[in-house]
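J.: A single structure is presented below for examination.
The values are calculated or read from the model by the stated rules, or taken from the named source; none is laboratory data. Source: prediction; values computed, not measured. Here Cβ is always computed from backbone atoms with ideal geometry, including for glycine, and neighbour counts include all displayed protein chains.
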Amino acid sequence: MKNYIKDQIKKSYETKQAIYENDNLINKIEQVSKLCVELYKGKNKTILAGNGGSAADAQHIAAELVGRYGFDRPSIPSLALTTDTSCLTAIGNDYGYDKVFSRQLEGMGQDGDIFIGISTSGNSKNIINAFTVAKQKGITTVALVGRDGGEMAKMADIALVVPSDSTPRIQESHILIGHIICDIIEKEIFGNGVS
């Protein structure tokens, strides 16, 4: 069993090593971070959504921004569309599960916001529908995905594609990328910046 545990840690490390060595992906993470810093200076917000573990990741990232990541500072506006059970169940019941995020984004998203859709496959229909609404409203779209990026990577303004086919490795890397973005936002707006 110890060898199995070590093998799982090694696989996680290897996925992160592949990200570390992917200059294109690093550049895109930097691009998303800079966009978020600029949008917060303009009083806009990030909006996130995902399904299952990706829903938890959306909530986690939003909480790091609204609360704090590394140090005490003013709250940063961020919203996870996965938290309001009344909205989710009403929209799911009345319009279908494929509309649970697009309907919320239609009501709460504004021109200048950033919508981050999280999916390991990149093919979550409810995120794809939200990307369509985002385009109509002038909201920048970011796909945080894995595998080949799926349809979301094709639709997004920026696609952050984790180079893995393993759902657990993709999810572990999504939270790493989310943490990096939160760290940069916090330090650029309220700290001494990053080099």
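J.: Out of the residues in the stretch 69-95 meeting the condition of being without any contact (Cβ under 8 Å) to a residue 24 or more places away in the chain and under 19 Å from Asp183 (Cβ atoms), tell me which one is surrounded by the fewest Cβ atoms within 10 Å (Cβ to Cβ).
T.: The residue in question is Asp72.
J.: Given the conditions (1) modelled with pLDDT of 95 or more; (2) part of a loop (DSSP other than H, G, I, E, B), which single one is not true for Cys36?
T.: Against the list (1) modelled with pLDDT of 95 or more; (2) part of a loop (DSSP other than H, G, I, E, B), Cys36 comes up short only on (2).
J.: Which ones in the stretch 143-195 are part of a helix (DSSP H, G or I) and of a type in the set (Ser, Thr, Tyr)?
T.: Selection gives Thr167, Ser173.
J.: Would you be able to tell me the number of residues in the stretch 169-195 that are in contact (Cβ under 8 Å) with a residue 40 or more places away in the chain and either of a type in the set (D, E, K, R) or more than 17 Å from Ala58 (Cβ to Cβ) (or both)?
T.: Of the residues in that region, 10 qualify.
J.: If you check Lys135 against the conditions, is it within 18 Å of the chain's Cα centre (by Cα), at pLDDT 95 or above and among the charged types (D, E, K, R)?
T.: So Lys135 fits the description; yes.
J.: Please indicate, with yes or no, whether at least one residue in the stretch 37-52 is buried (at least 19 other Cβ atoms within 10 Å of the Cβ), in contact with a Cys (Cβ under 7 Å, 6 or more places away or on another chain) and not aliphatic (A, V, I, L, M).
T.: Within the stretch 37-52, one or more residues are buried (at least 19 other Cβ atoms within 10 Å of the Cβ), in contact with a Cys (Cβ under 7 Å, 6 or more places away or on another chain) and not aliphatic (A, V, I, L, M).
J.: Now a separate question. So is Glu106 buried (at least 18 other Cβ atoms within 10 Å of the Cβ), of a type in the set (Asp, Glu), in contact (Cβ under 8 Å) with a residue 24 or more places away in the chain and out of contact with any Gly (no Cβ under 8 Å at 6 or more places or on another chain) or not?
T.: No: the conditions fail for Glu106.
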